[in-house]
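The values are calculated or read from the model by the stated rules, or taken from the named source; none is laboratory data. From a predicted model like this one, the values you see are computed outputs, not experimental measurements. Cβ placement follows ideal geometry from the backbone for every residue including glycine, while neighbour counts extend to all protein chains displayed. These area figures cover heavy atoms from the full protein model, side chains too; ligands, DNA and RNA do not enter into them. Shrake-Rupley method; radii C 1.70, N 1.55, O 1.52, S 1.80 Å.
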Amino acid sequence: MRKVDLCLSSEGTEVILATSSDEKHPPENMIDGNPETFWTTTGMFPQEFIICFHKHVRIEKLVIQSYFVRILRIEKSTSKEPVDFEQWIERDLVHTEGQLQNEEILACDGHVTYLRFIIVSAFDHFASVHSVSAEGMAVSNLS
């Protein structure tokens, strides 16, 4: 089995929920593989989005590229539907003036079907997520 970026839309992954949407910067931009696109929040925190893999996957490493995110919580679910999330990872990110935050997370117990990303707080009124990537492999189809 080969390791791939499981979060790419070309792998069948979808953003099935986002708490804010800007038509110029929709949530799908986070998983389109294009470094020039991004999703932006529209103020007020927390903000969240849910990624659906449409299969059971095992994630070994997550990389999140963002701007102005202060506290990021990631929850996971192994259910067939986006329910029963459990807290998995929480990080305090460092503000990097004029450049993207590049947060690499080595994943323990990374078996998931859904990931919920919660931007608990930010360094400004708005935050952006430029990409979410998950290195790992598909384990099985949802049945």
key: Within the chain, longest stretch free of exposed GluC sites (Glu not before Pro) [DSSP loop, at most 16 other beta carbons within 10 Å]   = 37-96
note = Computed over the stretch 3-92, the relative contact order (Cα-Cα under 8 Å, seq sep at least six) in percent reads 23
Accessible surface, the stretch 1-51, averaged per residue in Å² (probe 1.4 Å) = 57
task = Straight distance only, please: which lysines reach the Cα of LYS3 with their own Cα at less than 21 Å, same-chain residues fewer than 8 apart left out?
result = LYS55, LYS61, LYS76
message = Report the per residue volume, in Å³, of the convex hull enclosing the C-alpha atoms of the chain.
response = 103
ask   = What is the dipole size for the chain, taken about its Cα centre, with +1 at each Lys and Arg Cβ and -1 at each Asp and Glu Cβ, in debye to the nearest 20?
value = 340
query = At 10 °C and 1.306 mPa s, what whole-number value in µm²/s does Stokes-Einstein give for the translational diffusion of the stretch 1-62, with Rh from the Kirkwood sum over Cα pairs?
reply = 125
remark   = Of every hundred units of 1.4 Å-probe accessible area on the stretch 1-132, the number belonging to carbon and sulfur atoms, as a percent, is 49
request  = Label the stretch 82-143 by shape, choosing from rounded, prolate and oblate, from the square roots a ≥ b ≥ c of the eigenvalues of the Cα gyration tensor; if a/c is under 1.5 it is rounded, and otherwise prolate applies when a/b is larger than b/c, oblate when it is not.
outcome  = prolate
